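Bear in mind that the values in this text are calculations on the coordinates, not laboratory data. Quick caveat, the model's predicted, so the values are computed rather than measured. Neighbour counts are summed over all protein chains in view; Cβ atoms, including those assigned to glycine, are modelled from backbone coordinates with ideal geometry.
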Amino acid sequence: MNKTRSILSTIVYPVQLLVSWPIEFSEQAYDTVVSYSALKKENRRLKKKQLIDSIKLLKFEALENENIRLRALLENSFKLGEQVLVAEILSVNLVPYEHVVVVNKGSRFGIKEKQPVLDANGIVGQVLRPLLLSSEVMLITDPNHAIPVQVNRNGLRTIAIGSGQLDRLKLPFLPNNADIQPGDLLVTSGLGGTFPQGYPVAVVDHFTAQPNKPFASIFATPKAKLDRIRELLIVWSDSTPVPLVFPEIDEIDDSNEGE
Amino acid sequence: MKGNNSDYFLTVVFAMGLNILPLPAAINIANPDWVLLVLIYWNMATPEKLGVFNAWILGLFVDVLTGRLLGLHALVYALISYACLKFHKRLRQYPVAQQSLYVFFFLLFSQMLIFWIERIQSNIEMALSFWLPVLVGTLVWPLVYSALRFIRLSGRA
């Protein structure tokens, strides 16, 4: 059945391209005519940001190595790093009552079902249907989507469910006395096996205890800018645990750098 | 009084494009099923050209295009086409306003089928706005009718 869908989708793909073309074209046109000074300003800002990021990254490498060593001491397994592929969202609307977007990379690039999808700020969603030339990505705010999360501050685990609004996630399964407050960062807990552990998902922005009901009403805002994203990262996370012995550390570092 | 084959193809592709047009969310919830409107027109005006089977195939394409369960729109389009073919002699004689009434019921029936099938396979709670496309589709029918009529007649030359 998936094969049929793939073949049919290849035939209708030009329609999707045709629809999204004017918007992409207008964006490109805007890029072309953007002023010199604006470009220069952006360049300066990006350089500054790159500097800060690379400094953070220096520390990150040291921390990662330390983490690997510590885990080895605990005789724990360590997860391999992730490979990513950049995909672009096509400007098409599927149906208004679902949050599913079409991206321009498909199973031709090895994309599989349930692969996690990120942007620069956090989790965006997961691959719903890989087609041949494109694939459908379900956003975390889709009413049918649920993602296992964990409060970064204290490790409290729960599930965040899409609300059908692009700026809202529901956390319906926490009791009224749960230790959670507005401003808490929710990260993936890695429990479902779909999403790798530790990526930012959302920030809690609303907590109301409901004394007459078993659960509190909690809402969170996704970290990823779901209404504005153009480019996504599709992630291959190798979830097979690697038994760690010290000599292997170098190899792991090498494979981390792939793509 | 028959359209060209390219007329069918182009209008249907254009309607498909309208179906997935990236509109702002506020307008998008009311975006009607343009392919179905085009299908209703062609089945009414030239019943011997498009049939139930072609409608079914077209439905499969729309399913893939909009990421629905494969066969959902195929079923809907086939049924509506059948009804259209059944009524085409009457429909053709009606003034546009009266046609709109029929189109309203066709669209309502199609949306109801989609509603039931979607409810079976997912737990989305449909807002009342789910039914807006039916209304908008009825309102744009005179437009679709005159546009397609113009295409059909000018295509003959």
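Charge dipole of chain A (Cα centre as origin; +1 on each Lys and Arg Cβ, -1 on each Asp and Glu Cβ, all else neutral): 720 debye, rounded to the nearest 20.
Scan the range A:125-232 for trypsin sites (Lys or Arg not before Pro) in coil per DSSP, keeping those whose Cβ has at most 15 other Cβ atoms within 10 Å, and list them by number. Display every interim value, and only then the final one.
On the way: sites: A:153, A:157, A:168, A:170, A:223, A:225, A:228, A:230; in loops: A:153, A:168, A:223, A:225, A:228, A:230.
Loop-located and lightly packed - A:153, A:225, A:228, A:230.
Charged side chains reduced to their Cβ positions (Lys and Arg at +1, Asp and Glu at -1) give the range B:5-156 a dipole of some 580 debye around its Cα centre.
Partners of residue A:48 within straight-line reach, counting lysines whose Cα lies under 16 Å from its Cα and excluding those fewer than 8 residues away in the same chain: A:40, A:56. The label point for residue A:88 and the one for residue A:206, both projected 7 Å from the Cα toward the Cβ, are 3.5 nm apart.
Tell me, what is the FRET efficiency for residue B:98 and residue A:59 to the nearest 0.05, using R0 = 60 angstrom and their Cβ-Cβ distance as r?
FRET efficiency, residue B:98 to residue A:59: 0.20.
Across B:78, B:127, B:97, mean-square fluctuation computed from a Gaussian network of chain B (C-alpha pairs under 10 Å connected) peaks at B:127.
Residue A:3: which lysines have alpha carbons under 25 Å from its alpha carbon, excluding same-chain residues fewer than 8 sequence positions away? The reachable lysines, counting only those whose Cα sits under 25 Å from residue A:3, are A:105, A:112, A:114.
May I ask you to list, by number, the DSSP H helices of chain B whose Cα span along the axis is at least 27 Å and whose average Kyte-Doolittle hydropathy reaches -0.5 or more?
Sorted by number, the helices that extend far enough and score high enough are B:72-93, B:96-121, B:132-156.
Distant-in-sequence amide contacts of residue A:160, defined by a placed amide H-H separation under 5 Å and a gap of 5 or more residues or a different chain, comprise A:147, A:149. Ignoring lysines fewer than eight residues from residue B:89 along the same chain, the ones with Cα atoms less than 23 angstrom from its Cα are B:2, B:49.
Run lengths n ≥ 4 of DSSP H only: what is the helix-derived mean residue ellipticity at 222 nm for the protein assembly as shown, with -39500 (n - 2.57) per run over all residues, to the nearest 500? List each step's numbers first, then the result.
Values: 10 runs with 197 residues, N = 416.
Calculated at 222 nm, the ellipticity per residue is -16500 deg cm²/dmol.
Which percent of the Cα-Cα distances in the range B:5-156 go past 21 Å? Pairs farther apart than 21 Å: 41 percent.
Residues whose amide H falls under 5 Å from that of residue A:153, counting only those 5 or more places apart or on a different chain, are A:185, with hydrogens built in the peptide plane. Restricting the calculation to Cα atoms, the range B:1-74 yields a radius of gyration followed by a Dmax of 12.9, 40 Å. For the range B:5-156, averaging the sequence separation of C-alpha pairs within contact (under 8 Å, six or more residues apart) and dividing by the residue count gives a relative contact order of 29 percent. Across the range B:77-157, the mean sequence separation of Cα contacts (distance under 8 Å, 6 or more residues apart), normalised by length, yields a relative contact order of 40 percent. Each of B:148, A:18 has some number of other Cβ atoms within 10 Å of its Cβ, and from fewest to most they run A:18, B:148. Sequence-distant contacts, meaning Cα pairs under 8 Å at least 6 residues apart, place the relative contact order of chain A at 21 percent. Springs between Cα atoms under 10 Å define the GNM used for chain A, and in it the highest mean-square fluctuation of A:15, A:84, A:203 occurs at A:15.
3J(HN,Hα) along the range A:172-178, derived from phi through the Karplus expression 6.51 cos²θ - 1.76 cosθ + 1.60 where θ = phi - 60°, amounts to x, 10, 10, x, 5, 9, 5 Hz, with x in place of Gly and Pro. Going by neighbour counts of Cβ atoms within 10 Å, the residues A:136, B:125 line up, fewest first, as B:125, A:136.
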